[in-house]
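The values are calculated or read from the model by the stated rules, or taken from the named source; none is laboratory data. These numbers come from a predicted model, not from an experiment. Note that each Cβ is placed from the backbone with ideal geometry, even for glycine, and that neighbours are counted across all protein chains shown. Each accessible area value is taken on the protein alone, full model and side chains, heavy atoms only, with ligands, DNA and RNA left out. Shrake-Rupley method; radii C 1.70, N 1.55, O 1.52, S 1.80 Å.
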Amino acid sequence: MPERDILSLKCERAFLVGINEQQEDISESNYHLEELHNLVDTMGIAPVDSIMVKLREKNSRYLIGKGKMEEIGELAEDCRADLIIFDCQLSPSQQRNLEHHYNIAVIDRQEVIIDIFADRASTKEAVLQVALARMKYSLPRLTRAWTHLSKQKGGVRGTRGKGETQLESDRRLVLNRINNLKKELEKVKKNRNVQRKKRLERPVPSISIVGYTNAGKSSLLNLLSDADVLTEDKLFATLDPTTRKIKLEGGREIILTDTVGFIRKLPHDLIDAFKSTLEEAVHADVIMHVVDVSNHEYEEHIKVTEDVLKDLGAGEKSQILVFNKTDMIGHDPVLLAGLKNRYPHCITVSVKEQTGIDELLERVTLEIEKEYGAVELLIPSDKWDINAYIHRNGKILEEEYIEDGTRIKAVLTEKDRNILSPYIYKKTDLNR
Ligand SMILES: Nc1nc2c(ncn2[C@@H]2O[C@H](COP(=O)(O)OP(=O)(O)O)[C@@H](O)[C@H]2O)c(=O)[nH]1
Ligand SMILES: [Mg+2]
């Protein structure tokens, strides 16, 4: 990817700086910092330590005051951090000044998010959207020591101290890339529907896990796949780590995919990039929406998530609403009943204490069953094309040649069951 080659720097240990502005509630800032912690972890960088800075007045050069700046430098050194991350938006000049002062990379929240999106972008469109966001972000930051981080590459090449002419040509280069990316995006968007069709032809039912950062999506994925001894399937070991295959009771296999979480107060420039990382996820057969019930903003989170899903055309898809972290509200029966009342189809779980998981798996089976049902068909002998279609698109459970043709028992998607309805004479229950 051309935008990855400008500069790169290998970082492993991050020191986090939370920012509490005057008008902000401290618990709000703490939560924000906790989210950053989770995001940095997702990047594959260890968040080794952190501090909360109460910002009473903004310093235009460094954002924070001199005393705090020194304190952070010492703390970061103590824990051998090779990166300092500010939980806010730094201006390009503040970022540059801080890097000069600390002599290690300093990044802000936005850059963390771009990096995660870049890692997770799996469709052409997502890759382009993220590259575009990254270019826009780097444009005013060309005089930084490092323009971005990369886990793959080592080595540092600084643009620091480059002459004006060099800077001008770098700027032109980036502007050019931005233009080209926009053009390419237009083309990809036109082809979108074709790609969507291809994705529908999946052999194994799929579920994608969506929800806010910190809701417990990754923990749930781990729990569900650890319980299954067949997780280490060779085929899937080579896929990205966010995708796992699990076996449900009754033997059916499904694919579970973790997604990039929703992020609170996502910077406006990154909204398109974020949505595009979710694009593929919404083509799963079922969407599992995980919510942290201990978060006081959970209702707002549900609303935002649903709005985005609608926006992506997945509003009508079968969805399982999962309230996680019930241990944090003491499994309070009154609260749980209230939830069930307001969200009649929800499932309540605690991934940490492993409660509610059986019920969740039952629901998964049920939803998948709806999508992929087993039917018995009778195909007349002269309909070889139909027979071939079933073999190509369905999972054959039984096949028997009888006088009038072939009797087939197969698992088919809802779409195929509709197409083949003239030949279906019986719907069957797989688990019996
Ligand atoms: N108390 C409690 N903590 C949980 C539970 N599930 C996950 N967590 C914690 O919540 C944090 C975020 O979990 P993670 O799976 O990374 O969330 P993700 O961002 O949605 O993938 C981690 O510290 C988990 O250990 C739960 O059921 N109860
Ligand atoms: Mg996660």
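For the chain, find the longest principal axis of its Cα atoms and tell me its angle to the long axis of helix 357-371, 0 to 90°, nearest 10. Result, in degrees: 60. When a 1.4 Å probe is rolled over the protein heavy atoms, the share of accessible surface on the chain that falls to carbon and sulfur comes to 50 percent.
Summed over the residues of the chain and divided among them, the accessible surface reaches 50 Å² per residue at a probe radius of 1.4 Å.
Between VAL334 and ASN59, the simple label model (points 7 Å from Cα in the Cβ direction) yields a spacing of 5.0 nm.
Between GLN166 and GLU249, what FRET efficiency comes out of the Förster formula 1/(1 + (r/R0)^6) with R0 = 51 Å and r the beta carbon distance, rounded to 0.05? Calculated value: 0.20.
Each Cα pair under 8 Å and six or more residues apart adds its separation to the average, and for the chain the resulting relative contact order is 12 percent. Ordering ASN103, VAL130, ILE116 by the projection of their Cα atoms onto the charge dipole of region 98-140, which places +1 on the Cβ of Lys and Arg and -1 on the Cβ of Asp and Glu, puts VAL130 at the extreme positive end. With contacts taken as Cα pairs under 8 Å and at least 6 residues apart, region 283-432 reaches a relative contact order of 19 percent. Using the Cβ of ILE51 as centre and a radius below 11 Å, the other residues enclosed give a net charge of -2, where K and R count +1 and D and E count -1.
Straight-line cross-link reach from LYS10 at under 19 Å between alpha-carbon atoms covers these lysines, not counting any fewer than eight positions away in the same chain: LYS151, LYS153. Rounded if a/c is under 1.5, else prolate if a/b is larger than b/c, else oblate: which is region 372-428, with a ≥ b ≥ c the root eigenvalues of its Cα gyration tensor? Because a/c hits 1.5 or more and a/b exceeds b/c, region 372-428 counts as prolate. The overall shape of region 202-355, judged from the alpha-carbon gyration tensor, is oblate: a/c is not under 1.5, and a/b is no greater than b/c. Considering only alpha-carbon pairs that sit under 8 angstrom and 6 or more positions apart, the relative contact order computed for region 380-423 is 34 percent. Helix 217-226 and the long axis of the chain differ in direction by around 50°, with both axes built from C-alpha atoms. Peptide packing: for 205-218, 115-128, the average count of neighbouring Cβ atoms within 10 Å per residue gives the ranking 205-218, 115-128, highest mean first. Legend: residue pairs LYS190/LYS415; LYS217/LYS245; LYS124/LYS189; LYS275/LYS415, Cα-Cα distance threshold 21 Å; pairs beyond threshold, LYS190/LYS415; LYS275/LYS415.
For the chain, the C-alpha radius of gyration divided by 2.2 N^0.38 Å, with N the number of residues, is 1.15.
Of the GluC sites (Glu not before Pro) found in region 345-415, those in coil by DSSP whose Cβ has at most 14 other Cβ atoms within 10 Å are GLU353, GLU403.
Averaging over all projection directions, the Cα-based convex hull of region 28-139 occupies 7.4 nm² in the image plane.
Cross-link partners of LYS68 among lysines, defined as those whose alpha carbon lies under 16 angstrom from its own and excluding same-chain residues fewer than eight positions apart: LYS54, LYS58. On the basis of the beta-carbon distance and an R0 of 22 Å, LYS66 and HIS100 show a calculated FRET efficiency of 0.95. Amide H contacts of GLY373: LEU412, GLU414, each under 5 Å away and 5 or more positions distant or on a separate chain (H built 1.01 Å from N in the peptide plane; Pro and chain starts excluded).
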